[in-house]
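First up is the structure itself, then whatever we jot down about it.
The values are calculated or read from the model by the stated rules, or taken from the named source; none is laboratory data. The structure displayed is predicted, hence computed values, not measured ones. Positions of Cβ are backbone-derived with ideal geometry, glycine not excepted, and every protein chain shown enters the neighbour counts.
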Amino acid sequence: MNFKKYLENKKNIIDKTLDEYLPPEEKAPSIIHKAMRYSVFGGGKRIRPIFTLATAELFGREAESVLRAACGIELIHTFSLIHDDLPCIDNDDFRRGKPSNHKVFGEAIALLAGDALLVSGFDLIIKNSEVKEIKKQSILKLIKETSFYIGTENMLGGQVEDITAKNEDITKEDLVNLYMKKTAALICLSIRAGAILSGANQRQLKALTKYGENIGLAFQIIDDMLDIMQDQRDMGKPTYANKYGIKESKSESERLIGEAKDYLRIFNQKADTLKSLADYLLTRKK
Ligand code: GRG
């Protein structure tokens with residue numbers, strides 16, 4: 001199967017799982033289920049759950065065996081986007097070219113839809129324990145990891161730094177640290193999830209974590225470049241591309257992706273899909 005087909009195929013099974021899991025729009029209280037579905041099916045790339053599935057496959061597992069946990073992480077990602085767009089945080093009227101959740105449903109419902117998706121994310125990870133070959137202990141470990149990677153030491157803390165950072169005085173080290181928390185943490189979690197549920201040993205988990213950190217950091221630097229190239233630059237915000245320019249952002253993201261792939265050496269050609277996913281990030285247009 002070529003790589004484009006691989007991405008398409010995985011996206012389809014992720015969409016199907018999410019659709020079967022989420023309450024239907026008409027179920028009461030209908031407005032929140034509509035709001036949740038609006039953002040979950042709003043055109044996301046599904047890159048985080050695809051990382052989880054591809055990592056499980058690296059260990060010879062079927063993608064299906066970790067599908068629910070992977071989708072749980074996608075719900076948590078969607079929650080973070082809805083809250084990120086709220087007037088009290090980034091105040092963005094648009095997400096993926098469409099009106100953001102609060103523009104359609106109002107602030108109160110958007111806030112609650114985000115909360116509901118966070119809760120549902122954990123629920124879906126727990127539901128993965130129903131898969132026969134998955135050890136219950138590994139689900140507990142993943143729940144603990146998820147709390148850590150989205151908590152105040154990681155995603156949530158990164159978001160706090162993001163809204164308080166001042167463009168003029170942030171150093172490169174602090175900006176990279178902020179990106180590691182705000183963006184790389186959840187991407188890293190999605191890779192670790194596939195490894196933990198597939199019984200990875202410490203050496204394998206360490207290599208995949210380094211891969212995930214590099215990928216996650218590159219992802220945010222590329223995201224900033226895309227914002228500039230698509231004329232969506234926020235001048236009030238310190239971003240890598242705003243501060244250091246497109247040329248340096250490009251070479252730094254290429255360096256990080258190259259290093260990420262080097263960490264996969266211990267898996268030989270079994271890691272080819274994860275290497276292709278790393279390369280794909282450099283060419284993505286959205
Ligand atoms: C309460 C744990 C908690 C978190 C709330 C709002 C928030 C704190 C964190 C948000 C952090 C954030 C929005 C980071 C940006 C990461 C990023 C580049 C998102 C875009 O990801 P894509 O391109 O999105 O994968 P798609 O549209 O493909 O789904």
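Here are the numbers for the structure shown:
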quantity: Condition met for residue 47 (away from the ligand (no atom under 15 Å from the Cβ) and surrounded by 13 or more Cβ atoms within 10 Å (Cβ to Cβ)); calculated: no
quantity: Residue tally, condition of a type in the set (A, V, I, L, M), within 16 Å of the ligand (Cβ to nearest atom) and farther than 25 Å from residue 94 by Cα, over segment 1-44; calculated: 1
quantity: Per-region count, segment 90-126, residues away from the ligand (no atom under 13 Å from the Cβ) and in a loop (DSSP other than H, G, I, E, B); calculated: 2
quantity: Hey, residue 117 crowded, with 22+ Cβ neighbours inside 10 Å, of a type outside the set (S, T, N, Q) and under 19 Å from the mean Cα position of the chain (by Cα) or not; calculated: yes
quantity: Filter result (more than 10 Å from the ligand (Cβ to nearest atom), assigned to a helix (DSSP H, G or I) and of a type in the set (Ser, Thr, Tyr)) within segment 147-183; calculated: 164
quantity: Segment 70-85 residues that are over 23 Å from residue 107 (Cβ atoms) and more than 6 Å from the ligand (Cβ to nearest atom), paired with ones that are at pLDDT below 95 and of a type in the set (A, V, I, L, M) (beta carbon under 8 Å, 6 or more apart); calculated: none
quantity: Selected residue (criterion: surrounded by the most Cβ atoms within 10 Å (Cβ to Cβ)) from residues of segment 12-33 that are in contact with a helix residue (DSSP H, G or I) (Cβ under 7 Å, 6 or more places away or on another chain) and touching a residue at least 24 places away in the same chain (Cβ under 8 Å); calculated: 18
quantity: Residue check, residue 285 touching a helix residue (DSSP H, G or I) at 6+ places or on another chain (Cβ under 8 Å) and not in a helix (DSSP H, G or I); calculated: yes
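Here is a yes/no grid of residues against (1) at pLDDT below 95; (2) surrounded by fewer than 16 Cβ atoms within 10 Å (Cβ to Cβ):
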{"site": "144", "(1), (2)": "no, yes"}
{"site": "154", "(1), (2)": "no, no"}
{"site": "162", "(1), (2)": "yes, no"}
{"site": "188", "(1), (2)": "no, no"}
